[in-house]
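Please treat every number below as a calculation from the coordinates, not as lab data. Just so it is clear, the model here is predicted, and its values are computed rather than measured. Note that we place each Cβ from the backbone using ideal geometry, even for glycine, and neighbour counts take in every protein chain shown.
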Amino acid sequence: MVGLLVVSHSGKAAAGIVEIAAEMASDVSLVAVGGDPDGGIGTDADAIAAGLDEADDGEGVVVLVDLGSATMNAELAVEMAETDAVLADAPVLEGTVNAAVHAAGSKATLDSTRDAAEEARGMSKL
Amino acid sequence: MSESDTEALLDAIERIDERLHDEQDYLTELDSRIGDADHGNNLARGISAVSEKRDDLAEMALDEAVKTVGTTLVSEVGGAAGPLYGGSIMSASQELDGGLDAESALAFAEAYREKLTERGGARPGDKTMVDAVTPAVHTFQRAIEEDDLPPVDALAKAVDAARRGVAYTVPLRASKGRASYLGLRAVGHRDPGATSTLFVLEELLATAEAHAGEASATDASADDAVAHGDSADVDGANPGDEHGETDDAGDA
């Protein structure tokens, strides 16, 4: 099964997003990473690289990110790690939920899971 | 690595360490105006971690040592500055596999600029460190390739160009990074990343002058050297400004 890694500037935010998504897709490998190397608000490429390994079930990992530096650190982590991983250009919460529901299906691939996450870009709330 | 390369690298690290700690509060102050107030602290933490590895670095080939500086910054700095500084240094370090000379320094600078631009997705004028790096690298390239200047003189011109690039960030809105959320509120503040880039370049120049000076016995400080630079082509640039003054002009 494709795994999901949620990267936020806040470990609590990432964990909360994983909690929400897991409610709808409890079998999917969902991992949360957040905070800078000192434990403050920020992101950390090494922690993200470790999260990629943890989330990988053998079929790759889709990475969802929040603000600017999360994207850069995630890209760097993907370059450094052995895991087959792609970033999704999607809102982090809605994209994670979409991707988790999709990844739980039997036909999900790495690319289709990323596409599912990116479909959340067009979601309207009102 | 050769003895002189080792000495120069360790000297540069020591100077940059001291400078970034001296400027830690100033950089954080700049970042608190238009970002998330962590730039000074993050860089200080990163360069301290690099300094702690100096004995290991001294044993490595130059490219490997510089790559280790990059990976250390990635691991310790965090934020956007970790991947931008550290990732770009890691990537550019391979240009130094034959040691340091004018050609490899230029190749390193150009590779650094390319990776930085690619990673951050920023262009000149977006109010980022690219605004210091791009003019510095282009000026360095011209000084080496077209004007045939000695590397130290070329670096002095590059530092001058970076200084004007930093001044240029003051009146801009930001299109990248946290400051882009602030819209017009970012106008009037210099970019912290461009500013820290200038500090690093100034210390690299001081290092280069100190090591070249052993041969020529000149004693030019960084400020003296850049004062001879050509600043006629950019409005509003004032190479002699203390950093506080330019900011006040924008804060009114």
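Provide the per-residue ³J(HN,Hα) series for segment B:176-184, in order, calculated from phi with Karplus coefficients 6.51, -1.76, 1.60 and θ = phi - 60°, each as a whole number of Hz, with x at glycine and proline positions.
Per residue, the Karplus-derived 3J(HN,Hα) values read 9, x, 4, 5, 5, 6, 8, x, 5 Hz.
List residues of segment A:49-69, by number, whose backbone nitrogen lies under 18 Å from a label position 7 Å along Cα→C-beta of A:Met24.
A:62-66
Within 15 Å, Cβ to Cβ, of B:Gly121, how many net charges do the neighbouring residues add up to if Lys/Arg are +1 and Asp/Glu are -1?
Surrounding charge for B:Gly121 is +1.
Quote the charge dipole size of the protein assembly as shown about the Cα centre in Debye, to the nearest 20; the model charges only the Cβ of Lys and Arg (+1) and of Asp and Glu (-1).
1760
Percent relative contact order of chain A, based on C-alpha pairs within less than 8 angstrom and at least six residues apart?
Taking the mean separation of contacting Cα pairs over the length of chain A, I get 29 percent.
In Å, what is the Rg of the alpha-carbon atoms in the protein assembly as shown, and how long is Dmax?
Here Rg and the maximum Cα pair distance are 22.0, 73 Å.
For segment B:3-217, what is the charge dipole size about the Cα centre, in debye to the nearest 20, if Lys and Arg each add +1 at the Cβ and Asp and Glu each add -1 at the Cβ?
Roughly 1580 debye for segment B:3-217.
Find which of B:Ile34, B:Thr197, B:Ala12 sits farthest along the positive direction of the dipole of segment B:3-217, computed with +1 on the beta-carbon of Lys and Arg, -1 on that of Asp and Glu, about the Cα centre.
Checked the options; the winner is B:Ile34.
Pull up all non-local amide H partners of A:Leu87: gap of 5 or more, or a different chain, and H-to-H distance under 5 Å with H placed in the peptide plane.
A:Val63
Counting only residues 5 or more places away or on other chains, whose amide H sits under 5 Å from the amide H of B:Gly188 once H atoms are built in the peptide plane?
Correct list: B:Leu172.
Apply the Karplus curve 6.51 cos²θ - 1.76 cosθ + 1.60, θ = phi - 60°, to the phi angles in segment A:74-84 and return the couplings in whole Hz, x for Gly and Pro.
Per residue, the Karplus-derived 3J(HN,Hα) values read 5, 4, 5, 5, 5, 5, 7, 7, 7, 4, 6 Hz.
Which ³J(HN,Hα) values in Hz, rounded to whole numbers, follow from the phi angles of segment B:29-44 under the Karplus curve 6.51 cos²θ - 1.76 cosθ + 1.60, where θ = phi - 60° and Gly and Pro get x?
3J(HN,Hα) across segment B:29-44, in whole Hz: 4, 4, 6, 6, 6, 10, x, 10, 6, 10, 4, x, 5, 5, 5, 4.
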